[in-house]
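All of the numbers you see were taken from the coordinates with simple rules; none came from a lab. As the structure is a computational prediction, the values presented were derived from the model and not from experiment. Here the Cβ positions follow ideal geometry from the backbone for every residue, glycine too, while neighbour counts run over all protein chains shown.
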Amino acid sequence: MSTVRQIRAWLSARRRFQFVLTVAMVMLLTGTCVGLLMVPNPILPKLRATQQANAESLGQAQAGDPRLAQVRRTIEPFGQLVTRVVATGAGHESVVVGHPAQRSEIDVLASELGAATSAVTELWGPDWAQSTLVAVASAPAEFAALLHSVDMPSDVAAASIAEPFAPGTQPTAQRVVFSPDAGRRLSPDGLRTLLRHELTHVATRAVTVDGAPPWMLEGFAEYTAHRAQPHSFLDVAPTVTARVRTGELPTDLPSAAEFTGKSAVLAYEQAWTICAFIADRYDEPHLVALYRRIAASKQDPTSEDRILQEVLQTTRADLIADWRAWLSPRTA
Ligand SMILES: [Zn+2]
């Protein structure tokens, strides 16, 4: 094989084994989710080769779970394991894994996982695995290793990750990872909300294309996370509230760039308000239908306008105008 062909083959193999990582960067003091990140995975092939051996010592229910085998290999060097198996969905099992120092977070997440899975299914529908591996890291290095990321920002509180999968199929190996600080900085309510946010990314991953607009992806995850919880508009969107009260209404849907850095808190809150507005003005099935169309490809204002006309029978400009009008009385 020529050098050029070898390089092509190597590149193609790497692409195939890329993990896609969605990161909920959480401002830990406020519990607000603020980021999305895509990171390639360089070590999946090696992990796959060791899955079988690592699964041997597990109990019957978990032995066939390749996700746990992968995670065990990564986290065993960081200390003794604590594992909780939880019934989720109809006849499915999910697993929460971590170390004794994180036992309280592990217990909270294990107690919330069944209800969180049901909450996501209630809105999204049952066409997702409903079986998730949740890992709690005990150190920044372990957190980064679980997400196959070398430079995870310190204010990321949780992230979800999926192995590559063929278009039109469901991802088979997904996990949600919580940072070592998540339990210390977030209340049980914050952990519950963040778990639901990440599970939404897991549930919707099969129909979500990398590069799709974060106002839809993150807004929908936030909407699912806060849905049916006793959270007021001010609880979820304090920054939006403060700005609208001083007359600063948004003039456009938040751009992808606004979901990183200092503008991220506002962008995440705005994204939630857009989805809350659509669910309120139209209904939740229309919100879900819109997600499926918007998340299915990269978009620009023209393509968004076309989809909005097809799904909601409105234009992009009218949606923004109606959203602005909807915001004002909620922040009064
Ligand atoms: Zn997110």
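What FRET efficiency comes out for R281 versus D210 if R0 is 22 angstrom and r is the Cβ-Cβ distance? Round to the nearest 0.05.
Numbers: r = 29 Å, r/R0 = 1.32.
The value I calculate is 0.15.
Grab the other residues whose beta carbon is less than 13 angstrom from that of Q309, score K and R as +1, D and E as -1, and report the net.
Details: positive: R293, R306, R316; negative: E304, D305, E310, D318.
Overall, the nearby charge balance is -1.
Roughly how many debye, to the nearest 20, is the charge dipole of the range 233-330 about its Cα centre, given +1 on each Lys and Arg Cβ, -1 on each Asp and Glu Cβ, and no other charges? Please list the in-between numbers first.
Working: 11 positive and 14 negative charges, 29 e Å.
The calculation lands at about 140 debye.
Sorted from largest to smallest, which semi-axis lengths in Å does the alpha carbon gyration tensor of the range 126-225 give for its equivalent ellipsoid, taking the root of 5 times each eigenvalue? Walk me through the intermediate numbers first.
Values: eigenvalues 98, 51, 33 Å².
After diagonalising the Cα gyration tensor, the semi-axes are 22, 16, 13 Å.
Among R192, R227, which comes first, then next, by fewest other beta-carbon atoms within 10 Å? Provide the component values of the computation, followed by the final result.
Working: R192 21, R227 18.
With the fewest neighbours first, R192, R227 line up as R227, R192.
How would E142, E222, E248 line up from fewest to most surrounding beta-carbon atoms within 10 angstrom?
Values: E142 22, E222 28, E248 11.
With the fewest neighbours first, E142, E222, E248 line up as E248, E142, E222.
In what order do F277, F143, F220 fall by count of nearby beta-carbon atoms within 10 Å, going from fewest to most? Write out the running numbers ahead of the final one.
Values: F277 21, F143 26, F220 29.
Ordered by Cβ neighbours within 10 Å, fewest first: F277, F143, F220.
Given a Förster distance of 22 Å, report the FRET efficiency between D318 and R245 from their Cβ-Cβ distance, rounded to the nearest 0.05.
Details: r = 24 Å, r/R0 = 1.11.
The pair D318/R245 has a calculated efficiency of 0.35.
So what is the relative contact order of the range 233-330, in percent, for Cα pairs below 8 Å that sit 6 or more residues apart?
Details: 65 pairs, mean separation 27.1, N = 98.
Once normalised by length, the contact order is 28 percent.
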